[in-house]
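Novice: Dropping a structure here in structure tokens format, bear with me for questions.
The values are calculated or read from the model by the stated rules, or taken from the named source; none is laboratory data. All figures in this text were calculated on a predicted structure; none of them were measured in a lab. Quick reminder, even Gly has a Cβ in these numbers, built from the backbone with ideal geometry, and neighbours come from all protein chains shown.
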Amino acid sequence: MGGFFGVASKQDCVFDLFFGTDYHSHLGTRRGGMAVYGEKGFDRSIHNIENSPFRTKFEKESGEMHGNIGIGCISDYEPQPLLVRSHHGTYAICTVGKINNMQALSDEIFKNRSTHFLEMSGGDLNATELVASLINTQDNLIDGIQYAQKVIDGSMSILLMTPKFILAARDRLGRTPVFVGKKEDAYCVSFESFAFLNLGYEQCKELGPGEIVAVTPEEVRTLAAPGTDMKICTFLWVYYGYPSSAYEGLSVERMRYNCGAKMADRDNVEADTVAGVPDSGTPAAIGYANRSHIPFARPFIKYTPTWPRSFTPTVQTQRNLVARMKLIPVHDLIQNKKLVLIDDSIVRGTQLRETTEFLYSSGAKEVHIRPASPPPMFGCKYLNFSRSNSEMELMARRVITELEGENRYKVLAEYMNPDTDRYARMVEEIRKKMNFTSLSYLRLDDMLDSVGIPHCRLCTYCWNGRE
């Protein structure tokens, strides 16, 4: 994933840029960067933040960089922002999204024999550099952004900074959010709606799908009108989004409460307490507890001073280590207890299996698992959720393959329908493999109802393969 933040101010913008970008640290942990434009021209810095947080790595730059316009980003993969010199002039650019047809697009650009790409350390192309090259094929920046978004198979939101303004473009179908905040003498652009509130900004605009705006210290001007179709990522509410963020008018925290309540409405389990896997499972657990009247408790606590969110390392074994090391048991809340344990999802299943074993070894009598989203069936094509090498890494798809073999593709739709016998059989097989006392997923229709906007405007690809 990733996130970005930009500021256009009549004063020096670096303080706001530094903290606004830092507030996106939950969206990625591999690279961080800031670029500003001031009296000395463009100034840019990029750091590896895998072993040290953005705020620590950029503390020095926050005092040394100066400018009244700037953009910053947190990236889970490519280094950015990039500085690009083209026939449009010099600009800085950062992106959030995924390009599935990178090879085809780069081959098409090479046909003109007018450009080259710098390889990243892993041998891949930098997606943001490819976006810039696509933009540069057109006569102006607006046409270039729209062209890039048209030919990219996937999703791409863009933040582009010139010496005079910032161009902010939400991806064509609005899979990721873009917000504009306003305060006296400054405007900001943000992926997360909460990131500018403590800096004194008030939200003044949420961009529509495909909308492009120009942001200066004086105004925000729409240069490309929003489209009518939207497919915002539902997993933003389920997992990626920070609890205090809100998308399309609904906060992440409220949506997760709603999911927990929906699960409780369909459940009749007998238990002593309800608990959530920190952090994203906790609000769904609160919603479940409030609706079911089973007491909420915290039988384990996440050690937050040093351990980050468990999704952040890119190597699975490292993710497993972080997941195990960061949870500390509270034994008198576990011993001889029947627990309902709620997590945001079961993707590969490794972490939740270890958490369940940890609860049993700490004295739990029963562990009833209630994921607050349906079983993922497809790797994400749009936002790098579950950066899997194969869909066979997904727990549900592995089980379906074991049950059906070569027949799995013909009957896959039945496994996505919670009212079928095949779905029930899949859930039972997962339960046995994971050693849960019982297992019941949140239904897709209940999850979409928890968001409260028309279902057709929500992306559900990872659950049902529908684009």
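Novice: Looking only at segment 143-177, count how many residues are farther than 23 Å from S106 by Cα and either modelled with pLDDT under 95 or of a type in the set (S, T, Y) (or both).
Specialist: Residues that pass the stated criteria total 2.
Novice: Here are some residues: L352, L412. Which one is in the same structural domain as N258 (by TED's automatic domain parsing), surrounded by 16 or more Cβ atoms within 10 Å (Cβ to Cβ) and within 22 Å of the chain's Cα centre (by Cα)?
Specialist: Step by step, each of L352, L412 is checked, and only L352 is in the same structural domain as N258 (by TED's automatic domain parsing), surrounded by 16 or more Cβ atoms within 10 Å (Cβ to Cβ) and within 22 Å of the chain's Cα centre (by Cα).
Novice: Among the numbered criteria (1) surrounded by fewer than 20 Cβ atoms within 10 Å (Cβ to Cβ); (2) in contact (Cβ under 8 Å) with a residue 24 or more places away in the chain; (3) hydroxyl-bearing (S, T, Y), which single criterion is violated by S52?
Specialist: Status for S52: all satisfied but (2).
Novice: Which of the residues that make up segment 259-278 are in a loop (DSSP other than H, G, I, E, B) and under 24 Å from the mean Cα position of the chain (by Cα)?
Specialist: Once the filter is applied, which keeps residues that are in a loop (DSSP other than H, G, I, E, B) and under 24 Å from the mean Cα position of the chain (by Cα), segment 259-278 yields V277, P278.
Novice: Considering only segment 39-54, state which residues are in contact with a helix residue (DSSP H, G or I) (Cβ under 9 Å, 6 or more places away or on another chain) and not β-branched (V, I, T).
Specialist: D43, S45, H47, N48, P53, F54
Novice: Now for a different question. Need the failing condition index for F194 against (1) hydrophobic (A, V, I, L, M, F, W, C); (2) within 24 Å of V14 (Cα to Cα); (3) without any contact (Cβ under 8 Å) to a residue 12 or more places away in the chain, just the number.
Specialist: (3)
Novice: Something else: If you take just the helices (runs of 4 or more DSSP H) that sit entirely in segment 1-90, which of them hold at least 1 residues that are among the charged types (D, E, K, R), modelled with pLDDT of 95 or more and in the same structural domain as K164 (by TED's automatic domain parsing)?
Specialist: By residue number, 14-22.
Novice: With respect to the numbered conditions (1) surrounded by 20 or more Cβ atoms within 10 Å (Cβ to Cβ); (2) among the charged types (D, E, K, R); (3) in a loop (DSSP other than H, G, I, E, B), which one is the sole condition not fulfilled by R256?
Specialist: The one condition R256 does not meet is (3).
Novice: Exactly one of these conditions fails for K164: (1) under 25 Å from the mean Cα position of the chain (by Cα); (2) surrounded by fewer than 22 Cβ atoms within 10 Å (Cβ to Cβ); (3) touching a residue at least 24 places away in the same chain (Cβ under 8 Å). Give me its number.
Specialist: Answer for K164: the failing condition is (1).
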